[in-house]
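Here the structure is laid out as structure tokens; the discussion comes afterwards.
The values are calculated or read from the model by the stated rules, or taken from the named source; none is laboratory data. As the structure is a prediction and not an experimental result, all values here were calculated from the model. A quick note on method: Cβ atoms are made from the backbone with ideal geometry, for glycine too, and the neighbour counts reach across all protein chains shown. Keep in mind that these areas ignore ligands, DNA and RNA; they rest on the heavy atoms of the full protein, side chains included. Shrake-Rupley method; radii C 1.70, N 1.55, O 1.52, S 1.80 Å.
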Amino acid sequence: MACITIGLIRFAWSTWKNLKKDWNHLQRLHQIPCHRCGFFTGEYNLKCTVHPYKALSEQAIGCMDYQPNK
């Protein structure tokens, strides 16, 4: 009985830890400003005219060339 309880506690703790980690990752991804930028094209081949390799990635957070859409 004690082994089952310990197993359930470990499972719950592991699930909680993974959910928290995933939530933090999603919050970070929501900081990517590309879809609100004037240089964002929305095209598959050329997503951004200024930084095509950084577009829609975590590297785009804090982009110095960000221009809000009007």
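Structure values in brief
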| quantity | calculated |
| --- | --- |
| Carbon/sulfur fraction of accessible area - the chain, other protein chains in place, 1.4 Å, % | 62 |
| Rel. contact order, % - alpha carbon contacts under 8 angstrom, at least six apart, the chain | 29 |
| Taking N as its residue count, the alpha carbon Rg of region 1-40 over 2.2 N^0.38 Å | 2.05 |
| Accessible area in square angstrom per residue, the chain, 1.4 angstrom probe | 89 |
| Highest-first arrangement of 32-40, 3-11, 57-65, where packing means the average Cβ count within 10 Å | 32-40, 57-65, 3-11 |
| Rounded tilt (10° steps) of 2-29 against the dominant C-alpha axis of the chain | 10 |
| From the coordinates shown, semi-axes √(5λ) of the Cα gyration tensor in Å corresponds to which of (i) 22, 19, 10; (ii) 23, 17, 10; (iii) 42, 11, 8 | (iii) |
| Long-range HN-HN contacts of CYS48 with modeled amide H, under 5 Å | THR41 |
| Label-point separation, ASP65 to THR49 (7 Å along Cα→Cβ), nm | 1.0 |
